[in-house]
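The values are calculated or read from the model by the stated rules, or taken from the named source; none is laboratory data. Everything numeric here is computed off the predicted structure, so don't read it as measured data. Counting neighbours? That spans all protein chains shown, and the Cβs are built from the backbone with ideal geometry, glycine included. Note: accessible area is taken over every heavy atom of the protein model, side chains too, but ligands, DNA and RNA are not part of it. Shrake-Rupley method; radii C 1.70, N 1.55, O 1.52, S 1.80 Å.
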Amino acid sequence: RIYARQAAGYALVSAGDHREDGLIVDPDDPLFLALRSQRQPLQLAAVSGSALGAEGWAFPMRLREVLTGALIAIPAPGLQFAPDEREALATLAGELPLAQAMLRAREHERFIAGIADGAIEAQALQARARQLLEASATRG
């Protein structure tokens with residue numbers, strides 16, 4: 001599962017086979033507080049009181065030293081992640097924010113091209129510009 005920082009908290013943006021659309025975790029959830037302060041992967045069982053439960057691992061996602069979300073990985077029942085698997089998940093979690101930023105940059109390029117070409121009507125232009133500003137404000 002991937003949780004990404006949004007205005008209201010950390011929103012579930014990808015859940016693999018599970019669909020839990022609309023799930024938002026408080027930015028002051030104990031897990032996210034711990035990820036911001038400890039800056040390393042955490043076993044969920046080591047963090048009490050998190051809305052995300054106690055199974056699996058949380059891998060911080062950072063961009064420019066800011067916690068932008070977390071990759072939550074839960075092993076199959078009865079299994080644990082080996083150290084090399086945790087290292088691979090930590091690497092993936094470290095690369096996801098950069099990939100997301102690159103996708104946002106590409107989206108902004110298309111938006112600007114639409115403006116330049118006159119392909120976007122004024123109302124749509126204003127609405128999209130507001131969305132981009134709000135999204136940028138939540139990412140630091």
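Observations on the model:
- Single match in L89, L52, L79 (criterion: in contact with a Leu (Cβ under 7 Å, 6 or more places away or on another chain) and not in a helix (DSSP H, G or I)): L52
- Annotation: of all residues in the stretch 5-28 being crowded, with 16+ Cβ neighbours inside 10 Å and hydrophobic (A, V, I, L, M, F, W, C), the one that is modelled with the lowest pLDDT is L23.
- Of the candidates E65, E55, E95, the single residue that is open to solvent by 40 Å² or more (accessible area, probe 1.4 Å), modelled with pLDDT under 90, farther than 22 Å from L132 by Cβ and not β-branched (V, I, T) is E65.
- Of all the numbered requirements in (1) among the hydrophobic types (A, V, I, L, M, F, W, C); (2) under 12 Å from L31 (Cβ atoms); (3) more than 19 Å from the chain's Cα centre (by Cα), A76 misses one, and that requirement is (2).
- Options L133, L125, L103: the member that is part of a helix (DSSP H, G or I), surrounded by fewer than 11 Cβ atoms within 10 Å (Cβ to Cβ), modelled with pLDDT under 80 and among the aliphatic types (A, V, I, L, M): L133
- Screening E109 with (1) open to solvent by 90 Å² or more (accessible area, probe 1.4 Å); (2) of a type outside the set (V, I, T); (3) under 18 Å from the mean Cα position of the chain (by Cα) gives one miss only, at (3).
- Being over 20 Å from L96 (Cα atoms), open to solvent by less than 90 Å² (accessible area, probe 1.4 Å) and either within 16 Å of the chain's Cα centre (by Cα) or modelled with pLDDT of 95 or more (or both) is a property that does not hold for P41.
- Residue in the stretch 71-92 that is most open to solvent (accessible area, probe 1.4 Å), counting only those that are small (G, A, S) and more than 20 Å from A4 (Cβ to Cβ): G78
- Summed over the stretch 21-46, residues that are in a loop (DSSP other than H, G, I, E, B) and either at positive phi or touching a strand residue (DSSP E or B) at 6+ places or on another chain (Cβ under 8 Å) (or both) total 9.
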